[in-house]
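**Student:** Attaching a single structure in structure tokens format; questions to follow.
The values are calculated or read from the model by the stated rules, or taken from the named source; none is laboratory data. This is a predicted model, so every value here is computed, not measured. Glycine also receives a Cβ, built like all others from the backbone with ideal geometry; neighbour counts cover every protein chain displayed.
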Amino acid sequence: MKNSFCLSFFLTVSLGLSAQFSVNTNITHQYYTDYVSTGLDYLVVFDRLATPNPGDYAEIHYDTQGSSFVWEKYQNGIRTPYSSSTTSSMLHLDLETSMGYVLNVDGTDVLTVWVIDFSAYMPAIRSVTWDDPNEAQCENLTLSIDMNMPVMRYQNPAGNTYNLKREVEITYETLEFNETWNPVEKKETFSTPASAVDVEAPLKNTSFVVEGDRFAKDLNRTVSLESDVYVAIAVEASPTTQTSVRDVRNENERPDDASKREGSAPLEINFTARPTPTVQYYNWIVYKEDTQLFTRKDEHFAYKFEEFGKYKVKLTVSSDFCAYTDSTIVIEVRESELLAPRVFTPNGDGINEEFRVAYKSIVEFEAWVYNRWGRLVYHWTNPAQGWDGKINGKNATEGAYFYVIKAKGADGYKYLLKGDLSLLRGKKR
């Protein structure tokens, strides 16, 4: 006698079956339409069939019009009449394992179903292990999995046999960089049978949870095993730079953003490795073009690039077992330039208030201003500064002055600028 508990599922597919197909049963089950290309419309997997409980039942319904409905069982290419009716396409199943069914309506096959008893194919995961630390574990870690995953098969009416794909999922934690290194969950899947699988080497200590398979999950079967804790040995880094910003109004190509890695000299840059916790050692190598200049062994270091050219900075981080080299950081110091104005107007209007040079990539600088009688009125050594038109704190007389500037660029070019300079005050705007 059928009890009142009845599970009914309806599935819409693109092959004209629409909502015509359903399974009525009190046994946990799931069905799939992945196998149409091999001649099977539906694969129905029951949680148990071989050992039914009292009152267990299962029925297949296929809602279609016709005057003759004939169901046949099939196995190994042999079809056997099973049930016939002139009024209904419902089939009441004898609860048996690994069997196929075909519905023929008015002389035409319209439905093919294969039934599997999952309890006969339960996976068993016994252990998850790995080798002792070695170089091979730095990028990929090989896990050895002791498990039993019985092969599940189905047939089409022609007698062709196909293996069902059974996949196992491995879940573990590693680190990903997003401003800082943060733990993230990683999932890997592999097809069985496989006793050894490679996963991306974790960057943190973690356990591996092995779970299988698709059919067990769909039937709410828990088949999983958690490993012992794996102690991470893989290393990684996400190096960054911070450039000292020079907020100078008339300096061409000055670094005005701390993230920039190019500009005029002197270009002072701080380097930071930003490593994973497993890192023990650091090796920065700085090249100019292809010539190695120097190395550094600390997590952080700063360097002032004062010569014109392209530089490459490469970081390698390592532990006792593994090493990781990041992509090269490129630094570019631009060619030098030095220009001096001929007129300045220190009248308090905020425009052209100082005699100041425009420059880029200047690493040595010295400047003098003389009055018309050859007396030195101002001297300075910082190209970012200039003369404000005052002598001993008082406004200098308007008129002609003379300047001399000696400088050296990061590209090695030496400058000697001389010329007349007009100090004009006029009226303040």
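**Student:** What number of residues within the stretch 169-215 are of a type in the set (Val, Ile, Thr) and more than 23 Å from Arg126 (Cβ to Cβ)?
**Tutor:** Here is the first cut: in the stretch 169-215, the ones of a type in the set (Val, Ile, Thr) are 170-171, 174, 180, 184, 189, 192, 197, 199, 206, 209-210.
Next cut, more than 23 Å from Arg126 (Cβ to Cβ) only: 174, 180, 184.
Going through the stretch 169-215 one residue at a time, the tally reaches 3.
**Student:** Only one of these conditions is not met by Asp388: (1) without any contact (Cβ under 8 Å) to a residue 12 or more places away in the chain; (2) over 21 Å from Glu337 (Cα atoms). Which number is it?
**Tutor:** Single failed check for Asp388: (1).
**Student:** Hey, another quick one. Find the residue count for the stretch 140-187, including only residues that are farther than 22 Å from Asp34 by Cα and assigned to a strand (DSSP E or B). Don't jump to the end; show me each part of the working.
**Tutor:** Just the residues of the stretch 140-187 that are farther than 22 Å from Asp34 by Cα, to begin with: 140-148, 170-187.
Now narrow it down to the ones that are assigned to a strand (DSSP E or B): 140-148, 170-178, 180-187.
So the count comes out to 26.
To keep it simple, each residue is scored yes or no on (1) assigned by TED's automatic domain parsing to the domain that holds Lys304; (2) farther than 30 Å from Ser244 by Cα; (3) assigned to a loop (DSSP other than H, G, I, E, B); (4) in contact with a helix residue (DSSP H, G or I) (Cβ under 6 Å, 6 or more places away or on another chain).
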residue: Glu353; (1), (2), (3), (4): no, no, yes, no
residue: Val363; (1), (2), (3), (4): no, no, no, no
residue: Trp373; (1), (2), (3), (4): no, yes, yes, no
residue: Gln385; (1), (2), (3), (4): no, no, yes, no
residue: Phe402; (1), (2), (3), (4): no, yes, no, no
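Conditions tested, residue by residue: (1) surrounded by 14 or more Cβ atoms within 10 Å (Cβ to Cβ); (2) part of a loop (DSSP other than H, G, I, E, B); (3) at pLDDT below 95.
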position: Asn283; (1), (2), (3): yes, no, no
position: Val286; (1), (2), (3): yes, no, no
position: Ile331; (1), (2), (3): yes, no, yes
position: Asp349; (1), (2), (3): no, yes, yes
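**Student:** Here's something else I'd like to know. Condition check: under 19 Å from Ser422 (Cβ atoms), crowded, with 18+ Cβ neighbours inside 10 Å and touching a His at 6+ places or on another chain (Cβ under 8 Å). Does Val369 satisfy that? Steps first, please.
**Tutor:** Working: under 19 Å from Ser422 (Cβ atoms): yes; crowded, with 18+ Cβ neighbours inside 10 Å: yes; touching a His at 6+ places or on another chain (Cβ under 8 Å): yes.
It is true that Val369 is under 19 Å from Ser422 (Cβ atoms), crowded, with 18+ Cβ neighbours inside 10 Å and touching a His at 6+ places or on another chain (Cβ under 8 Å).
**Student:** Just to be sure before I move on: is Thr112 under 32 Å from the mean Cα position of the chain (by Cα) and either touching a residue at least 24 places away in the same chain (Cβ under 8 Å) or surrounded by fewer than 19 Cβ atoms within 10 Å (Cβ to Cβ) (or both) in the structure I sent? Give the derivation first.
**Tutor:** Details: under 32 Å from the mean Cα position of the chain (by Cα): no; either touching a residue at least 24 places away in the same chain (Cβ under 8 Å) or surrounded by fewer than 19 Cβ atoms within 10 Å (Cβ to Cβ) (or both): yes.
No.
**Student:** Looking at Ala158, Ala124, which is the one that is hydrophobic (A, V, I, L, M, F, W, C), within 30 Å of Ala232 (Cβ to Cβ), in contact (Cβ under 8 Å) with a residue 24 or more places away in the chain and surrounded by fewer than 14 Cβ atoms within 10 Å (Cβ to Cβ)?
**Tutor:** Residue meeting the stated conditions: Ala124.
**Student:** Show me the strands (runs of 3 or more DSSP E) entirely contained within the stretch 23-87 in which 3 or more residues are within 48 Å of the chain's Cα centre (by Cα) and not charged (D, E, K, R). Let's see the steps before the verdict.
**Tutor:** Values: elements: 29-32, 42-46, 58-62, 69-75, 78-85.
Because the criterion is at least 3 residues that are within 48 Å of the chain's Cα centre (by Cα) and not charged (D, E, K, R), the strands (runs of 3 or more DSSP E) in the stretch 23-87 that meet it are 29-32, 42-46, 58-62.
**Student:** Right, Thr206: in contact (Cβ under 8 Å) with a residue 24 or more places away in the chain, on the phi < 0 side of the Ramachandran plot and crowded, with 19+ Cβ neighbours inside 10 Å or not? Reasoning before the result, please.
**Tutor:** Numbers: in contact (Cβ under 8 Å) with a residue 24 or more places away in the chain: yes; on the phi < 0 side of the Ramachandran plot: yes; crowded, with 19+ Cβ neighbours inside 10 Å: yes.
Yes, satisfied.
**Student:** So how many residues does the stretch 258-280 have that are loosely packed, with under 14 Cβ neighbours inside 10 Å and farther than 23 Å from Ile362 by Cα? Walk me through how you get there before you give the answer.
**Tutor:** So the first thing to find is which residues in the stretch 258-280 are loosely packed, with under 14 Cβ neighbours inside 10 Å, and the list is 258-259, 277, 280.
Subset that is farther than 23 Å from Ile362 by Cα: 277, 280.
Residues that pass the stated criteria total 2.
**Student:** Based on what the data block shows, is Glu179 out of contact with any strand residue (DSSP E or B) (no Cβ under 8 Å at 6 or more places or on another chain) and surrounded by fewer than 14 Cβ atoms within 10 Å (Cβ to Cβ)?
**Tutor:** On the way: out of contact with any strand residue (DSSP E or B) (no Cβ under 8 Å at 6 or more places or on another chain): yes; surrounded by fewer than 14 Cβ atoms within 10 Å (Cβ to Cβ): yes.
Yes: the conditions hold for Glu179.
**Student:** Moving on. Would you say Asp132 is without any contact (Cβ under 8 Å) to a residue 12 or more places away in the chain and either within 43 Å of the chain's Cα centre (by Cα) or surrounded by fewer than 17 Cβ atoms within 10 Å (Cβ to Cβ) (or both)?
**Tutor:** On the way: without any contact (Cβ under 8 Å) to a residue 12 or more places away in the chain: yes; either within 43 Å of the chain's Cα centre (by Cα) or surrounded by fewer than 17 Cβ atoms within 10 Å (Cβ to Cβ) (or both): yes.
Yes, satisfied.
**Student:** Now for a separate question. For Phe365, which of the numbered conditions (1) within 22 Å of Phe308 (Cα to Cα); (2) at pLDDT below 95; (3) not aliphatic (A, V, I, L, M) fails to hold?
**Tutor:** Of (1) within 22 Å of Phe308 (Cα to Cα); (2) at pLDDT below 95; (3) not aliphatic (A, V, I, L, M), only one is false for Phe365: (2).
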